Amino acid sequence: MRIIKIAINNYKSIGEEKNILYPEKSVSVIIGKNESGKSNLLDCLSTLNFRSVNKLNAHKNKMNNENPLIEVTVEFSDAELSGFHHDFDKKSVFIFEEGKLPQIQGGLADFIAEKIKPIQEYFRAFIQGLSNISNDTKKNLTAFFGSDFDTNISRQTQNISSTRSLLSSAQIDATIKNEASTQLDIYEQYVLHLDAILPIFFKFDEKDFAASYTIDEINKNANNKSIINSFFKSAGIDLNSIVKACSSSDGGEKQFYQEEIEQKLELLSESFSQFYQKEKVYIKINFETNRFHLLIATTRRSLYITERSNGLRWYLNLYIQLKEQNLLDKNVVLLLDEPGVYLHIDAQAKLVELLNDFGTKNQILYTTHSPFMIDSTYLSNIRLVCNENGFTSIFNSVSDLKVPESSKEEVLSPLCKALGFSAKYNIGPSYDKQNIIVEGITDYYYLKGVMHLLGIDPQKQPYIIPSIGVSNINQIASILLGWGFDFKILTDFDEAAYREYERLTCIGLESGKEVFNVATKEFDLTSMISSPMVIEDIFSSDDKVKFDCGQKTLTAKHFLELSMDKEIKLDEESLEKIKAILFALNIIK
């Protein structure tokens, strides 16, 4: 059961407009400035429970004083439908209100009316017809089967068990008993299958292990929700066993507890390895007097857990928390608020890979400010939130957002940096000016430099957006198209630029209209391979010597600095090529 739509009404900063989130089937990345409502969105989801009465009014929107109402639309897979042995509409809606179990609409509601309701009516009449059971039992079960079917799985299984006990003990004709048992088995099958596929929102709290722990630390924090306590609980290890294994003065007793713990860790290691699926993992404890060390081995050599990779520790952390709450085999929707915030850049990029990997099995929603937590190859999974007049607005695509000017720089910053253009160099794109996308930062420096050199008023200069390489230009162009910005593209005149030009034509851009190259010629593959030209080639050999620093980016930056200070003069050969480019881009007339 995959969540495909969430309509959030009046929860904290979220009102009744621009309040719909369409999650990706795998990973959704939520970006936005501080206080925009990113955390409120995750908090709302973490509050929802498909299996119990929901408490929402404590989080009502203070701006309009309205109570929350949440609608979650889900979609069944073909395999999930086959588990019901029935084909019904794949989409269903769960409505969450204060003090109520979720109300069900859509395909699942139709299935309940057609298949489950008749079984309920059968048992209500059946139980009312029994004469040799207590009045309380009759009253309770009659009320249960007479009420609307709900997703309180605990209550369902409890009453199924009570009914089964009744069937086994009551004096009932064998044929009638067999028929009732069959009906109860079918009813239970529906309940158990629904329990298996109903989503569970799980907000993951990142914690980290220490390499070693003292018994005093364990005893002092026995009741805390620490990761080491969760670890022992998930392994079925009693803290008293740890104390005995470290501190017992009886050698035989100490050995007994150490061996017992080792056996449980073997089972935990086996289970975690199946969850991790990267390699076989062995979790071990090295006991000393009043202290123990936590070790991980993936080969013959054991290392302290703190010496293992961030990825392995992240997976172990997640596994332990899921196992502790009996969620390993459940349909978990994982929620993470600013994951990896304390990790270095490379570790954040690795965490994105881990999330994408885990997202093949479970839906994930995470918030971030970091450009290194955004995978620029999956722009479709980015969701943006802004705060407009005190209300959170949700935007489901980077191409359907007109960001408020007050929020533009901070909201777009992580996305821009991930794609390769930075607020450091511009806070655009701009609605009022033309935007020009170039291949990289050196192109940015040269284009800014020649405009200064030619005396073009800075207020009339276009915004220049540097990409990270030519192959990212089409992604930036797609965003600007969706946002409705005017822009042009300037590339080199080489094979890579031609390949990118082919991608740009697929989104409707044309040579001579939106796409240009530094040679100011048509995009022709043969010519671009045989006679390539990069932006540095617009300068004559004599001019290049005037600003050459021996390194590509430094040379371009030095040219910009000289141009801004009017300390360089170019010859006619360079100026002719420069003016041809600026004319093509409509920067000069």
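The values are calculated or read from the model by the stated rules, or taken from the named source; none is laboratory data. Because the structure is predicted, anything quoted here is derived from the model rather than measured. Note that we place each Cβ from the backbone using ideal geometry, even for glycine, and neighbour counts take in every protein chain shown.
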(request) Within region 540-589, track down each residue that is outside any loop (DSSP other than H, G, I, E, B), modelled with pLDDT of 90 or more, over 22 Å from Pro458 (Cα atoms) and among the charged types (D, E, K, R). (result) Asp542, Asp543, Lys544, Lys546, Glu572, Glu573
(request) Within region 355-380, count every residue that is part of a helix (DSSP H, G or I), over 22 Å from Ser39 (Cβ atoms) and at pLDDT 80 or above. (result) 2
(request) Could you look through region 1-25, keep only residues that are in contact with a Cys (Cβ under 8 Å, 6 or more places away or on another chain) and among the β-branched types (Val, Ile, Thr), and pick out the one that is nearest to Asn64 (Cα to Cα)? (result) Ile14
(message) I need a count of the residues in region 465-509 that are farther than 28 Å from Phe395 by Cβ, in a loop (DSSP other than H, G, I, E, B) and of a type in the set (Gly, Ala, Ser).
(response) 0
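Here are some residues: Leu294, Leu343, Leu318, Leu336. Which one is outside any helix (DSSP H, G or I), touching a helix residue (DSSP H, G or I) at 6+ places or on another chain (Cβ under 9 Å), in contact (Cβ under 8 Å) with a residue 24 or more places away in the chain and assigned by TED's automatic domain parsing to the domain that holds Ala235? Steps first, answer last, please.
On the way: Leu343 fails: assigned by TED's automatic domain parsing to the domain that holds Ala235; Leu318 fails: outside any helix (DSSP H, G or I); Leu336 fails: assigned by TED's automatic domain parsing to the domain that holds Ala235.
Residue meeting the stated conditions: Leu294.
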(request) Spot the failing condition for Ser168; the list is (1) at pLDDT 90 or above; (2) among the small types (Gly, Ala, Ser); (3) part of a helix (DSSP H, G or I), and only one is missed. (result) (1)
(request) May I ask you to list the residues in region 88-110 that are among the charged types (D, E, K, R) and touching a Leu at 6+ places or on another chain (Cβ under 6 Å)? (result) Glu97, Glu98
(message) Out of the residues in region 248-287 meeting the condition of being assigned to a helix (DSSP H, G or I), surrounded by 15 or more Cβ atoms within 10 Å (Cβ to Cβ) and among the small types (Gly, Ala, Ser), tell me which one is nearest to the chain's Cα centre (by Cα).
(response) Ser273
(request) Tell me which residues, restricted to region 42-64, are at pLDDT below 90 and of a type in the set (S, T, N, Q). (result) Asn57, Asn61, Asn64
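Name the single residue that is nearest to Ile538 (Cα to Cα) among those in region 487-523 being of a type in the set (Gly, Ala, Ser) and touching a strand residue (DSSP E or B) at 6+ places or on another chain (Cβ under 8 Å).
Our first condition is that a residue be of a type in the set (Gly, Ala, Ser); within region 487-523, this holds for 496-497, 508, 511-512, 519.
Among the residues that remain, those that are also touching a strand residue (DSSP E or B) at 6+ places or on another chain (Cβ under 8 Å) are: 497, 519.
On the way: Ala497: 16, Ala519: 8 Å.
The extreme case among them is Ala519.
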(request) Output the residues belonging to region 522-539 that are crowded, with 17+ Cβ neighbours inside 10 Å and in a loop (DSSP other than H, G, I, E, B). (result) Phe523, Val534, Phe539
(request) With the condition kept exactly as written, say whether any residue in region 201-214 is at pLDDT 90 or above, hydroxyl-bearing (Ser, Thr, Tyr) and in a helix (DSSP H, G or I). (result) no
(message) Could you tell me how many of the residues in region 122-162 are over 43 Å from the mean Cα position of the chain (by Cα) and β-branched (Val, Ile, Thr)?
(response) 4
(request) Keeping to region 62-97, report how many residues are surrounded by 15 or more Cβ atoms within 10 Å (Cβ to Cβ), of a type in the set (A, V, I, L, M) and closer than 21 Å to Tyr187 by Cα. (result) 1
(request) Give the residue, chosen from Ser181, Ser161, Ser154, that is in a helix (DSSP H, G or I), hydroxyl-bearing (Ser, Thr, Tyr), without any contact (Cβ under 8 Å) to a residue 12 or more places away in the chain and surrounded by fewer than 19 Cβ atoms within 10 Å (Cβ to Cβ). (result) Ser161
(request) Would you mind telling me which numbered condition in (1) at pLDDT 80 or above; (2) under 26 Å from Glu75 (Cβ atoms) Glu307 fails? (result) (2)
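Taking region 271-291, which residues are more than 20 Å from Gly251 (Cβ to Cβ) and touching a helix residue (DSSP H, G or I) at 6+ places or on another chain (Cβ under 6 Å)? Before the answer, list the steps.
We begin by selecting, within region 271-291, every residue more than 20 Å from Gly251 (Cβ to Cβ); these are 271-284.
If the condition is that a residue be more than 20 Å from Gly251 (Cβ to Cβ) and touching a helix residue (DSSP H, G or I) at 6+ places or on another chain (Cβ under 6 Å), then Phe272, Phe275, Tyr276, Lys280, Val281, Tyr282, Ile283 are the ones that fit.
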(request) Please work out which one of (1) outside the structural domain of Ile305 (by TED's automatic domain parsing); (2) of a type outside the set (Asp, Glu); (3) in contact with an Asp or Glu (Cβ under 6 Å, 6 or more places away or on another chain) is the condition Ser230 fails and give its number. (result) (1)
(message) within 21 Å of Pro371 (Cα to Cα), out of contact with any strand residue (DSSP E or B) (no Cβ under 7 Å at 6 or more places or on another chain) and buried (at least 20 other Cβ atoms within 10 Å of the Cβ): which single residue out of Ile465, Ile479, Ile437 fits that description?
(response) Ile479
(message) Quick check on my filter: what residues within region 547-567 are touching a residue at least 24 places away in the same chain (Cβ under 8 Å), closer than 18 Å to Val438 by Cβ, out of contact with any His (no Cβ under 8 Å at 6 or more places or on another chain) and not hydroxyl-bearing (Ser, Thr, Tyr)?
(response) Lys552, Ala556, Lys557, Phe559
